[in-house]
Every structure is written in structure tokens, then in C-alpha cells.
Amino acid sequence: MAQVSRLPEFVSRNPGSIEVICGPMFSGKTEELIRRLRRAQIARQRVFCFKPSRDTRYADADIVSHSAQHLSSIPVSSAVEIESFLNNQSLLPDVLGIDEVQFFDDRIVGIADAMAGQGVRVIVAGLDLDYRAEPFGPMPRLLAISESVTKVLAVCIACGAPASRSQRVAHDCRVDAQSKDRVLVGATDAYEARCRRCFIDGVDTPSLPNVN
Ligand code: ADP
Ligand code: MG
Ligand code: ZN
């Protein structure tokens, strides 16, 4: 009977990797992260997913996309919390997902690198640029050390072109009754996906109706 030949240990062992999913807001980063993690779960791999605890949109312990897909995650307040959580586990995960990775400090780079070095498939999703279109926190270094980069684009809210920027828009712009001046009340900020042409550096204040 023919014998099934076994691969040598150094070939069969997963070498570990870092995959980065990046792009502006609403570009589908969280959807893509959820898609990859779900496939790993279907393959019965051990999957952990973390997110910064400040991201409490929609659900506390889930990562949730703007299209309401969700996956359970572990909210953490810092990069080292991820490290200590993993150190307390008897087994490392096969796949480690991190959403909104741009909010962590630079220590996340060393942690992702160390995990990948131990054979873990690390998948991180985050904004590559902040609202000024400047590289966001640890993203440049994560992009540089990764094995795979997927850049996703949103749809520009102003013109419909592919959008690579996150525009900060000031809402609650009202007219002061006495002076008839335009004033910013509360200045709650919101974000819109915009293309290069429609992006305005800084905060875009929506034009107000004529008050005269
Ligand atoms: P991200 O994590 O990049 O912010 P999500 O994965 O949470 O994005 O959400 C992507 C989904 O957001 C899209 O599939 C679509 O349903 C919705 N969406 C809302 N606004 C936009 C937009 N301007 N461009 C593209 N998708 C948008
Ligand atoms: Mg997201
Ligand atoms: Zn545009």
C-alpha cells in the first residue's frame, strides 16, 4: 500500500503573517475583516478578535459594520491588554483579528509582529488616514511590516467617485437668533467618505440657508 508522505515540519508549520485592511470610513474594512474571520471559523480555526473599547458603536462586545454585520470581539483599552490577554491563554489563536487598529499606540506593531512570528495569522483593519488626510498612528509601520495589504475605497458622498478620504463635517450649525450670525452649536462632528477632489482639509462646515 502506498504510504502518504508527510511534509517536513518546517514546511507544514504556518509561518505566520500580518494582513492589513485599510481605507477611509465606510469603505468596508470591518465587513472584510468579518468575512475573513468567519471563513477561519468555518475552517474550525481558533479565532480571537479585539477592538478598542472606545469604539462602542452599536454593540459593546461585537465588531459591527455600517451594514450591520457583526462578530463577537473582546474590547480592550490598550495594545498591552491584548498582549496580556494572549499571554493568559494556554493556546495561541490560529487567527487574530483587530478592528479599528489605528486607535492603538505604536506598541501594537511589536505585538502584531511577535504574534505573526509565533505562527499566528494576524489580520488588522484600520483607517490609513485621519480626517486631515495624514497617516494615522501605527498604520504606516503596520503596512510596512505586513505580508498583505488590501486597500478598500468607499463611495464619495459628494460626487459618487471612489473615495479614499474621511471628511470631518461639523453638524449642528445654526443661526443665532439675535445676531443672525452663523454659529456652531455643540459642534457634533460626523464623517463622510470623499474623493480627493471633494475632500476639504480640516472640518467642512455645511453651508447654511440664507437668513436675510
Ligand atoms: P468601515 O469599517 O470601512 O468603516 P463598514 O465595513 O463598517 O466600513 O461598512 C461598509 C458598508 O457601509 C458598505 O457595505 C455600505 O453598505 C455602507 N456605506 C455607507 N455609506 C457608504 C459610502 N459612502 N461608501 C460605501 N459604503 C457605504
Ligand atoms: Mg469599521
Ligand atoms: Zn468626490
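Values in this text are rule-based calculations from the coordinates and carry no lab data. Since this is a predicted model, take the numbers as computed values, not measurements. Because the Cβ atoms are built from the backbone with ideal geometry, glycine has one as well, and the counts that use them run over all protein chains shown.
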> So, by mean Cβ neighbours within 10 angstrom, what's the order for 38-45, 162-169 with the highest one leading?
Replying inline: 162-169, 38-45
>> If I model a spin label as a point 7 Å beyond the Cα along the Cα-Cβ vector, how far apart are those points for residue 94 and residue 39 in nm?
In response: 1.3 nm
> Using the Cα atoms as the points, what is the convex hull volume per residue of the range 17-152 in Å³?
Replying inline: 98 Å³
> With Cβ to Cβ distances under 12 Å as the rule, what net charge do the other residues near residue 80 carry (K, R +1; D, E -1)?
Replying inline: -3
> With r defined as the distance between the Cβ atoms of residue 85 and residue 60 and R0 fixed at 22 Å, what FRET efficiency is calculated, to the nearest 0.05?
Replying inline: 0.85
